[in-house]
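The values are calculated or read from the model by the stated rules, or taken from the named source; none is laboratory data. Please read these numbers as outputs of a predicted model, since none were measured by experiment. Cβ placement follows ideal geometry from the backbone for every residue including glycine, while neighbour counts extend to all protein chains displayed. Accessible surface is based on the protein model in full, side chains and every heavy atom, while ligands, DNA and RNA are left aside. Shrake-Rupley method; radii C 1.70, N 1.55, O 1.52, S 1.80 Å.
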Amino acid sequence: MSDLRIGVIGYGLRGTLAKLAHRPGEGSRVVGVAELDPDLRAAAAAEFGAKPYEDWRHLIGEVDAALVLTPDGTHADIAGELLRAGVPAFVEKPLDISLERCDELLRTARESGTRLYVGHNMRHMPAVRLMRELIGRGAIGQVRTIWVRHFVGHGGDFYFKDWHADRTQVGGLLLQKAAHDLDVVHWLAGGYTTRVQAFGDLMVYGDLPRREPGTRKEGDWYAPAANWPPLAQRGLNPVVDVEDVSVMNMVLDNGVIAAYQQCHFTPDYWRNYTVIGDAGRLENFGDGPGGVVKVWNARRSGYRPEADAVHEIPAAEGGHGGADPKLLAEFFRFVRQGGRTDTSPVAARMAVAAGIRATESLRAGGTPLDVPPLDPDLTGWFEAGQVSAR
């Protein structure tokens, strides 16, 4: 099996995926890297022995597939051009920050017949797959409600020192950061959000010192000991206008009611899911190897920490609890063979739609808003594995 020639577009924080994709002699190798930052571009070219490009369009004709790892608001435009040129595209989540561009990208995928894949890696996280397996087994009966608490302990470092803090670049963190969890809520519940309501605020990071426009992040931008408590943060992005705490309520098309809470100044960094069915509930404690998912499905009076069943979250190697290597393996298989995948462009679009409308609700004082559905014909085409009739 010859190696797939992979092009990488954007070599920032998710450049870790490029490193995983570079496996010469094992099925894939990075042959070109497009990056606007000249230092990052040179570093990537040296690391992979790849051609450096300032303009990503020069990758077309040189690669078998491309990883789109650029800022969120550029995803759909770049991926659309790749698909029209016949280059299968891996698009890092979220699909985009504009619902119109998301829908246009899905239409482009269908019209071009070129394969589109979205990097919702949490569908490959062992903790999430374990919860979905338990639900599928009927461990808690039919899912009726899901509550998610997202403790973003490094929020002040990862999301308020670069473009993530600027709503013109991300929309809001109920879209950018929550897209993962909204997709998981949909996957565990077996439905998509139809109505949202949200509140939020910029409580902590709004008045902290920022660096001058046009300057780079400081070399020690990620220094957990020095950057605690949150009010000790310095060198934030020149523009900080996204919320650092938010709460969101959802009604899904199958009647499930869900809630999501996100805070960027907690001392710990993990996600807690509570899934309640009509015959029990499950909850994860820790979201990686070493954590567990507990199941309660026998009646009891008062609080008792002892669960009726305790399931260890499986160990796995690689980023995001072992999800990233599996994510890329699925993408490469999809490029070569096609077929259905655990990730879903339709689900990615619905996560964006829910996040966008929740952000609009938040900024309108908590007004409940409907979530626009996707064209059923497009939904059916993607769910059939992106197979054209021609």
Restricting to segment 1-39, give me the number of residues that are open to solvent by less than 10 Å² (accessible area, probe 1.4 Å) and in a helix (DSSP H, G or I). 4
Screening V87, V68, V91 for residues that are hydrophobic (A, V, I, L, M, F, W, C), over 30 Å from W221 (Cα atoms) and out of contact with any Pro (no Cβ under 8 Å at 6 or more places or on another chain) leaves only V87
Scan segment 173-180 and give yes if some residue there is surrounded by fewer than 23 Cβ atoms within 10 Å (Cβ to Cβ) and over 30 Å from H311 (Cβ atoms), otherwise no. no
Is it the case that some residue within segment 150-168 is part of a strand (DSSP E or B) and at pLDDT 95 or above? yes
Selection within segment 67-77 - in contact (Cβ under 8 Å) with a residue 60 or more places away in the chain and either of a type in the set (G, A, S) or buried (at least 22 other Cβ atoms within 10 Å of the Cβ) (or both): L67, L69, T70, D72, G73
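Residue by residue through segment 224-237, note down the ones that are surrounded by 14 or more Cβ atoms within 10 Å (Cβ to Cβ) and either part of a loop (DSSP other than H, G, I, E, B) or of a type in the set (D, E) (or both).
Residues of segment 224-237 surrounded by 14 or more Cβ atoms within 10 Å (Cβ to Cβ): 227-228, 230, 233-237.
N227, W228, Q233, R234, G235, N237, listed by residue number.
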Within segment 295-321, considering residues that are within 30 Å of H120 (Cβ to Cβ) and among the charged types (D, E, K, R), the one least open to solvent (accessible area, probe 1.4 Å): E312
Condition (residue is open to solvent by 20 Å² or more (accessible area, probe 1.4 Å), without any contact (Cβ under 8 Å) to a residue 12 or more places away in the chain and farther than 22 Å from H150 by Cα) applied to segment 188-210: is it met by at least one residue? yes
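Working only within segment 353-370, note down all residues that are among the hydrophobic types (A, V, I, L, M, F, W, C), within 14 Å of L252 (Cα to Cα) and open to solvent by 30 Å² or more (accessible area, probe 1.4 Å). Spell out the reasoning first.
Within segment 353-370, the subset among the hydrophobic types (A, V, I, L, M, F, W, C) is 353-354, 356, 358, 362, 364, 369.
Next, only the ones that are within 14 Å of L252 (Cα to Cα) stay: 353-354, 358, 369.
Residue satisfying the conditions is L369 alone.
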Just one of G355, G339 is part of a loop (DSSP other than H, G, I, E, B), closer than 26 Å to R101 by Cα, in contact (Cβ under 8 Å) with a residue 24 or more places away in the chain and not basic (K, R); which is it? G339
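Can you pull out every residue in segment 25-40 that is among the hydrophobic types (A, V, I, L, M, F, W, C) and either touching a Leu at 6+ places or on another chain (Cβ under 9 Å) or at positive phi (or both)? Before the answer, list the steps.
Step one: of segment 25-40, the residues among the hydrophobic types (A, V, I, L, M, F, W, C) are 30-31, 33-34, 36, 40.
Answer for segment 25-40, where residues must be among the hydrophobic types (A, V, I, L, M, F, W, C) and either touching a Leu at 6+ places or on another chain (Cβ under 9 Å) or at positive phi (or both): V30, V31, V33, A34.
Hey, any hits in segment 300-307 for a residue that's touching a helix residue (DSSP H, G or I) at 6+ places or on another chain (Cβ under 8 Å) and either free of Cβ contacts under 8 Å to residues at least 12 places away in the same chain or over 29 Å from T168 (Cα atoms) (or both)?
Taking segment 300-307 and keeping what is touching a helix residue (DSSP H, G or I) at 6+ places or on another chain (Cβ under 8 Å), we get none.
Looking for residues that are touching a helix residue (DSSP H, G or I) at 6+ places or on another chain (Cβ under 8 Å) and either free of Cβ contacts under 8 Å to residues at least 12 places away in the same chain or over 29 Å from T168 (Cα atoms) (or both), one finds none in segment 300-307, hence no.
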